[in-house]
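*Asks:* Quick one: structure below, then a few questions.
The values are calculated or read from the model by the stated rules, or taken from the named source; none is laboratory data. Since the model is a prediction, treat every value here as computed from it, not as a measurement. Cβ coordinates were reconstructed from backbone atoms using ideal geometry, including for glycine residues, and neighbour counts include every protein chain displayed.
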Amino acid sequence: MTRNVHDCKLESVETMIKDLGAGVVSVWEGLRPITKKMLEGVMSAGINTPPTNSAQKFSYDAHADWELSRLLTALDEQTKKGSNADILHEIAQLAETCASVLEAQSGSAEVFIQLAERAIKQHNYNKLDKLADRLSERFSSGEIAEIVRQTDVPQIRAIAYETLALLPIPSILPLLDDPLYSDIAANALEQKAYEYDSEEARDLLDQLDLGNEIRSD
């Protein structure tokens, strides 16, 4: 019986994984088969094929997001433990594959923070700029506000605030009614009003101040 070429390629990745440390192996074994095949497909496609194209051949969902994030964490942790050059190269290759798919596909605040912190630690500011571009392209205003809420890293907060401030006001307005994000939204409106000279944002801030004064009376 002829074996599927894809299955053979996946076996080669499985063989590589066994050498990457117990933590990586444990996470890998918990991945769904479709996620493993997606990673293998992206790795096989090489650097000339955007990860978006390869990943879109498979069903990418929130669970895949979570799986790849966990695997990336395990790989980065294994890197800290050190190993021989060949193993470290394989870890780096798989880690960059995970990161590239997450960068192309994820709309999660947690994943954005993970990728941004990783770029900062690597002093890869070109990558950080690309992540910032993705933030405005892929993320909802709520997820952007969640990034501000979750992180204490100044660079990441600044990127998220700037992205929020550049959104149209109708995208920011719903956040004002959410107790989790109302202060963040107000800060973004203030930035929009005074750093980006938005008269509409200034008028809205005046209305909010007036409303607060009336309620306090």
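*Asks:* Any idea which of Gln78, Gln105 is touching a residue at least 24 places away in the same chain (Cβ under 8 Å) and under 12 Å from the mean Cα position of the chain (by Cα)? Talk me through it step by step, then tell me what you get.
*Replies:* Working: Gln78 fails: under 12 Å from the mean Cα position of the chain (by Cα).
Every option except Gln105 fails the conditions.
*Asks:* Any residue that is farther than 19 Å from Gln191 by Cβ, of a type in the set (Asp, Glu) and part of a helix (DSSP H, G or I) - is there at least one of those in the range 139-147?
*Replies:* Taking the range 139-147 and keeping what is farther than 19 Å from Gln191 by Cβ, we get none.
Checked the range 139-147: no residue is farther than 19 Å from Gln191 by Cβ, of a type in the set (Asp, Glu) and part of a helix (DSSP H, G or I).
*Asks:* Kindly establish whether Glu146 is at pLDDT 95 or above and within 15 Å of the chain's Cα centre (by Cα). Steps first, answer last, please.
*Replies:* Details: at pLDDT 95 or above: yes; within 15 Å of the chain's Cα centre (by Cα): yes.
Answer is yes for this residue.
*Asks:* Looking only at the range 91-118, which residues are surrounded by fewer than 20 Cβ atoms within 10 Å (Cβ to Cβ), of a type in the set (Gly, Ala, Ser) and under 18 Å from Gly21 (Cβ atoms)?
*Replies:* Ala92
*Asks:* Next question, about the same structure. Within the range 102-110, does at least one residue satisfy the condition of being closer than 25 Å to Asp178 by Cβ, assigned to a helix (DSSP H, G or I) and not aliphatic (A, V, I, L, M)?
*Replies:* So in the range 102-110, the residues closer than 25 Å to Asp178 by Cβ come out as 106-110.
Next, only the ones that are assigned to a helix (DSSP H, G or I) stay: 109-110.
After this cut, where a residue has to be not aliphatic (A, V, I, L, M) as well, the list is 110.
Within the range 102-110 (the criterion being closer than 25 Å to Asp178 by Cβ, assigned to a helix (DSSP H, G or I) and not aliphatic (A, V, I, L, M)), the answer is yes, since at least one residue qualifies.
*Asks:* For Ser83, all conditions in the list (1) under 18 Å from the mean Cα position of the chain (by Cα); (2) touching a residue at least 60 places away in the same chain (Cβ under 8 Å); (3) surrounded by fewer than 16 Cβ atoms within 10 Å (Cβ to Cβ) hold save one; what is the number of the exception?
*Replies:* (1)
*Asks:* Would you mention how many residues in the range 162-203 are of a type in the set (Gly, Ala, Ser) and without any contact (Cβ under 8 Å) to a residue 24 or more places away in the chain?
*Replies:* So in the range 162-203, the residues of a type in the set (Gly, Ala, Ser) come out as 165, 171, 182, 185-186, 188, 193, 198, 201.
The next check asks that each one be without any contact (Cβ under 8 Å) to a residue 24 or more places away in the chain; those that pass are 182, 186, 193.
Count: 3.
Listed here are the residues, each with its yes/no results for (1) farther than 17 Å from Gln191 by Cα; (2) among the acidic types (Asp, Glu); (3) out of contact with any strand residue (DSSP E or B) (no Cβ under 8 Å at 6 or more places or on another chain).
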residue	(1), (2), (3)
Ala109	yes, no, yes
Glu117	yes, yes, yes
Lys121	yes, no, yes
Tyr125	yes, no, yes
Asp129	yes, yes, yes
Asp133	yes, yes, yes
Val153	yes, no, yes
Ala160	no, no, yes
Leu164	no, no, yes
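*Asks:* Filter the range 119-150 down to residues that are aliphatic (A, V, I, L, M) and closer than 21 Å to Leu68 by Cα and give me whichever is surrounded by the most Cβ atoms within 10 Å (Cβ to Cβ). Please lay out each step first, then the result.
*Replies:* Taking the range 119-150 first, the residues aliphatic (A, V, I, L, M) are 119-120, 128, 131-132, 135, 144-145, 147-148.
In the following step, the residues that additionally are closer than 21 Å to Leu68 by Cα were identified as 119-120, 128, 131-132, 135, 144, 147.
Numbers: Ala119: 22, Ile120: 16, Leu128: 19, Leu131: 19, Ala132: 20, Leu135: 22, Ile144: 27, Ile147: 25.
Result: Ile144.
Here's the yes/no breakdown for (1) surrounded by fewer than 17 Cβ atoms within 10 Å (Cβ to Cβ); (2) among the hydroxyl-bearing types (Ser, Thr, Tyr); (3) at pLDDT 90 or above:
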position: Asn4; (1), (2), (3): yes, no, no
position: Thr52; (1), (2), (3): yes, yes, no
position: Ser69; (1), (2), (3): no, yes, yes
position: Leu88; (1), (2), (3): yes, no, no
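*Asks:* Which count do you get for residues in the range 13-45 that are assigned to a helix (DSSP H, G or I), touching an Asp or Glu at 6+ places or on another chain (Cβ under 7 Å) and under 16 Å from Glu67 (Cα atoms)? Even if it seems obvious, please write down each step before you answer.
*Replies:* Taking the range 13-45 as the starting set, the residues that turn out to be assigned to a helix (DSSP H, G or I) are 13-17, 22-29, 33-45.
So of that shortlist, the ones also touching an Asp or Glu at 6+ places or on another chain (Cβ under 7 Å) come out as 13, 16, 23, 35.
Subset that is under 16 Å from Glu67 (Cα atoms): 23, 35.
Residues in the range 13-45 being assigned to a helix (DSSP H, G or I), touching an Asp or Glu at 6+ places or on another chain (Cβ under 7 Å) and under 16 Å from Glu67 (Cα atoms): 2 in total.
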